[in-house]
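To start, the structure itself, in structure tokens.
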Amino acid sequence: MSEDNHGIGPTSRYSPLRYPGGKGKLSKFVAAIVRANGLSDGTYIEPYAGGAGIACELLITEVVRRVLINDISPHVFAFWTSVLTDTDELCRRIRDVPLSVEEWDRQKEIFRRPKHVSTIELGVSCFYLNRTNQSGILNGGLIGGRNQEGKWRMDARFNRENLIRRITKIADCAGRIEVTCTDAVEFLREKSYDFGEKDLIYVDPPYFEKGRMLYYDAYGPDDHAAVAKLLAELEGPKWVVSYDDVDAIRNLYAFAPQRQYTIGYSARNHIWGREVMFFSKGMAVPELMPPLLEASGTAVSTRVAAA
Ligand SMILES: C[S@@+](CC[C@H](N)C(=O)[O-])C[C@H]1O[C@@H](n2cnc3c(N)ncnc32)[C@H](O)[C@@H]1O
């Protein structure tokens, strides 16, 4: 059975990380935005990169030349740094690491002490927990539980050869990727002077309603407001923001063109979400395309798979 068929699917065809609500499914639409706005020669930027599903796809399929991925999590940063600068060792460890509850405990211990371990150790622990935890949630439970019972066990999402292939494919593009580790608002403030009209920023903050449940670094209403204010004042680069479709967020972005859409998270469980995208002014916005479907009427809250 493919990964898409139960729980939350993979972040994308190319990213080795799973992310709840991973945005790989938006890749085609974002590629259309790049083309419609003549941005292929610019840099594609993700301030909340996580699994960087879209970035990986746009880079590997040569829709954009360069990508800049940023994430506040030192674990996620260590993983991407290892992909780019220590590829062989990362792949060796992924090939050899035992899939056992004892090893999971050991990786959790490494995860808990980011300041006391090496980049490669932290990167492996991020990857290991992402691939063996329920829905890829880094502080979540082990697939199959400590007794390793039930239909799905901890190896269900750990296809070593396939994941190594994805990593080496991304590492082949290392010269076109930059990775940073900072707060997204700070990142945008500091870097925005370097960004130009050919660049595209895709902003995918933690969900407004479900973020606390899903992510390691939860976001509060003031954080969401700070992002909106910054984007409202940003001059130069084009940007797209995606969110769960809730009133509070639509109010924050009342100044921006928007599209509401529904997106399937899991074919088997019929889990779908209603989301909204906002765009910088003056940007050419292509028609929505599958798997994004036009939504209309009053918003209902986004549902996200819990397991
Ligand atoms: C919604 S996910 C991004 C998922 C990503 N678009 C994908 O497709 O995999 C949110 C990510 O933002 C990161 N994050 C949370 N707070 C952040 C902050 N203040 N600055 C930068 N990144 C942050 C989390 O570590 C997490 O990896």
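The values are calculated or read from the model by the stated rules, or taken from the named source; none is laboratory data. In this text the structure is predicted, and so the values were computed from the model without any measurement. Cβ sites come from the backbone with ideal geometry, for glycine too, and all protein chains shown count toward neighbours. Keep in mind that these areas ignore ligands, DNA and RNA; they rest on the heavy atoms of the full protein, side chains included. Shrake-Rupley method; radii C 1.70, N 1.55, O 1.52, S 1.80 Å.
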Seminar exercise, completed: A correct Kirkwood calculation over the Cα atoms of the chain returns a hydrodynamic radius in Å of 19.6 Å
Seminar exercise, completed: Beyond 25 Å, the calculated P(r) of segment 17-162 holds a percent of Cα-Cα pairs equal to 33 percent
Exercise. Hey, what's segment 75-175 come to in accessible area per residue, 1.4 Å probe, Å²?
Worked result: 47 Å²
Problem set entry | Within segment 75-175: Cβ-based charge dipole about Cα centre, in debye rounded to nearest 20 (Lys, Arg +1; Asp, Glu -1) | 260 debye
Exercise. So if R0 is 22 Å, what FRET efficiency would residue 254 and residue 186 give, r being the distance between their Cβ atoms, rounded to the nearest 0.05?
Worked result: 0.30
Exercise. In a GNM of the chain with a 10 Å cut-off on Cα contacts, which of 127, 255, 208 has the highest mean-square fluctuation?
Worked result: 255
For this session: Using θ = phi - 60° and the Karplus relation 6.51 cos²θ - 1.76 cosθ + 1.60, list the HN-Hα couplings for segment 176-187 in order, rounded to whole Hz, with x at every Gly or Pro.
Result: 10, 10, 10, 10, 10, 9, 8, 5, 4, 5, 4, 4
Exercise. So what are the ³J(HN,Hα) numbers for segment 247-254, from phi and the Karplus equation (6.51, -1.76, 1.60; θ = phi - 60°), rounded to whole Hz, Gly and Pro as x?
Worked result: 4, 4, 6, 4, 5, 4, 10, 4
Exercise. The chain: longest stretch without exposed GluC sites (Glu not before Pro) (DSSP loop, at most 11 other Cβ within 10 Å), sites themselves excluded?
Worked result: 63-148
Problem set entry | Relative contact order of the chain, defined on C-alpha pairs under 8 angstrom at six or more residues apart (%) | 21 percent
